1. Counting only other chains, and only Cβ atoms inside 10 Å, what mean value do you get across the residues of A:292-300?
2. How large is ³J(HN,Hα), in whole Hz, for each residue of segment B:187-200 in order, when computed from phi with the Karplus curve 6.51 cos²θ - 1.76 cosθ + 1.60 and θ = phi - 60°, using x for Gly and Pro?
3. Cα centroids of segment B:116-158 and segment B:16-42: how far apart, whole angstrom?
4. Select from segment A:1-88 those chymotrypsin sites (Phe, Trp or Tyr not before Pro) which occupy a DSSP coil region and have at most 12 other Cβ atoms within 10 Å, ordered by residue number.
5. For A:TYR207, which sequence-distant residues (separation of 5 or more, or a different chain) have an amide H within less than 5 Å of its own amide H, given hydrogens modelled in the peptide plane?
6. Looking only at chain B, where both bridge partners belong to it, what percent of the DSSP beta bridges are antiparallel (to the nearest 5)?
7. Assuming R0 = 25 Å, what is the FRET efficiency of B:MET60 and B:ASN2, from their Cβ-Cβ distance, to the nearest 0.05?
8. Using the number of other C-beta atoms within 10 angstrom as an exposure proxy, rank A:THR194, A:THR260 with the fewest first.
Amino acid sequence: MTALSKLPASKITGAISDAAERWRDADFPSRVRATQRIAERTGYSLPVVEYALDRLFFSIDRASLEAVIAGELGEVEILDGFRKRADRTEAWARPIGNVCVISSRTTIGVALLAALFALCAKCDVLVKDREDSLIASFFETLREELAEFERGARAELWRSTDDETPALDSFDAVVAFGRTETLAAIRNALPPETHFIGFGARASAGYISRESLCTAEAAAEIARGAARDIVLYETEGCLSLHVLFFEEGGAVSAAALSETLRTELERADVEFPRGEPAHERLAEVAHARALGAFRKSGSQDALAEPPPFLPRLAHAIPVANPADALEYVRRHGLALEGFAVSDNRPDIIGMAVSAGAVRLARFGELQNPPLTGEHGGRPRIAEFVRWTDKTF
Amino acid sequence: MNEAYRVEADALDADILAAIAAQNVRDFDDLALRIFAHQLRNNEPYARYCASLGISRARMPRSWETIPPVPAGAFKEAALCTFDPARAELIFQTSGTTTGAGGIHYMESARLYDASLLAGFDDAVLGDAHQPLRYAMLLPSVEGKPRSSLSYMMARVANTFGDGRPSWYVDGDELDTQGFIEDLCESRASGIPLCIAGTAFAFVNLLDELARRGMQPALPLPSGSRIMETGGFKGRTRVVERIDLYKQLADAFSLPPHDIIGEYGMTELATQYYDRSGEEPRAKVGPPWLRSYAVDESGKQLPSGIVGALVHVDLANRSSCAAVQTEDLGAVFEDGSLVLIGRERGAELRGCSLDAESLRAVS
């Protein structure tokens, strides 16, 4: 029996929503402390961290949580006991048990959402926190809302090299965010009956159609959004814009679009000032830019160049059609998370889906995924429950 | 070969060699711009790049600092040389990353490279050495790694300045710790000072192995010995900060800090920077035919002391590209010295550092 198993699910979602509401206030003392610590850990500038926390906590509300639960499980109450289901057996979505969530180095709060949905499923949750203790701080607020979280929601900081680390094989499910090698190591350490949910490193792309480049104003609006998608989190996130395809033949020329994008990147630099990663990797960025110019001077096909994966730098590639973009993604073996698109043209949408993107968004919204969507192409809560059917 | 080319190249080489011999470049701008003009005429991919930046024979730069630097990575993508690479006397190849191919630096003549490296090493590392050193290289030999600029450089150094008994302790991916210890003991017994040269990663492996054998601190080097360390740890699972590494080396071999000298070079350059002194922070200085500056992300030159991407202008690179933009972060000061920042985790390394990744000590 888990710490939250006797609580109605709606009480859990309510408590989480209330705690998140307190964290929406930028002056909330716990948030103020966490903001500073996150900035120190990630090296991101304070406006970037504030943006991330706003985006995180404004997205967490009772309605959204319950909409996800109802969408994935049928109804919220099915977490509380057996419920009749239309055309299906009566069933109860019970907690899978103990869940361990291992957060990644760069992301801000992504582990929190996984942990919260595991809590909604009434699991006991242990989060491997980062040095900023964001999760531990939020769990404190949760405990102030509802005492049962004391036992149900824990966050600790440990390193894999520590003498005493939680035994991962004691968990019923392990959620991990990180590099492919890290995920493979964790997965290999787990017994077969442990449910492993891994979120590996991914990239994101964007596609600007020639139709959307109809006027300078339209191009500027797209560029503004693209610039935001590039600079946020120093282009280190899986939803950062790493590759930008634009169709040739639009009313706005490639050179004009490039200039507009440069202007908008400068503006975005003001709104979201550069953090340490951008400063530390300045030489690599400068070199990558120069190398891009060198390749261009030799008429090298831009499709041959892999994405640079450097802070505030995206590879802009002129293409004739979506097929070129798809070829690029496949040639360079890009595992895609998001795809920003300038319009709803069916061949572009089809290409983005074929390329493996699990989220399509408008430019400027790539790094703002709604809570009500899936994460990484996977359900948010369904993997934290074990179904019990009642067939009599 | 075009006669006019040969005449011009020989004249430039003579001027560069004279500057190296004199340890003085009378007019850096003049020589740099003459070399640039030569490269613009004869180095086609570089000329195309310069043209794309608006630089041509009709629109020449006015000073050495405005010569367009070629990105070091371009050496992976084109034969950046003023001559037919089939005629190259020296061919050096970067180790590349663990996933990518290495760049190739073709040099028309060994004379310039040899003169430059020997003069630089003599001045910065040997200094007041009273007798020939015995060279102990934690590197693969030239035979084992014929395209390693670092192995070539140390072979030339040992042949020129050494006692005639150089040793190489890296073979393939193995570090011969036992052989190193035996040779070191022999040197100590005979009182012959050593110069131990190697990559940072190789030194870390050596120290680990010595510690494993319980031999630290127990290997004081004969008086007058030196250590030359180069490179960093890119792509390695284990990174030791340079200051810590130097302290460990000083302890292990009973050397004063100023006898542990950091070298900074690149396969794409013919000339090297060396630590000016053993005091932290260690500034590096180059010889008069090598100058540097830092640029911002867009390639704009930064004022003295401001951290940016390093650009080097090496006059000894006559037959390739004199101006090279690196992936190294650092600051250049008014006296021409530079401080590297974070190269331990930074750009690709020259020569053998990557090869040392999987060094396994021979037990």
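No value in this document is a laboratory result; all are computed from the given coordinates. Keep in mind that this is a model prediction, so the values were computed, not measured. As a convention, Cβ positions derive from the backbone with ideal geometry for all residues, glycine included, and neighbour counts pool all protein chains shown.
1. Mean shielding by partner chains, rounded to a whole number: 6.
2. So the J values, rounded to whole Hz, are 4, 5, 5, 8, x, 8, x, 10, 10, 9, 10, x, 7, 4.
3. So the separation of the two Cα centres works out to 25 Å.
4. none
5. Under 5 Å from the amide H of A:TYR207 lie the amide H atoms of A:PHE245, A:ALA340, A:VAL341, A:SER342, each far enough along the sequence or on another chain.
6. Numbers: 28 of 50 bridges.
If we restrict to bridges inside chain B, about 55 percent are antiparallel.
7. For R0 = 25 Å, the calculated efficiency reads 0.75.
8. Values: A:THR194 19, A:THR260 22.
Final ranking by Cβ density, sparse to dense: A:THR194, A:THR260.
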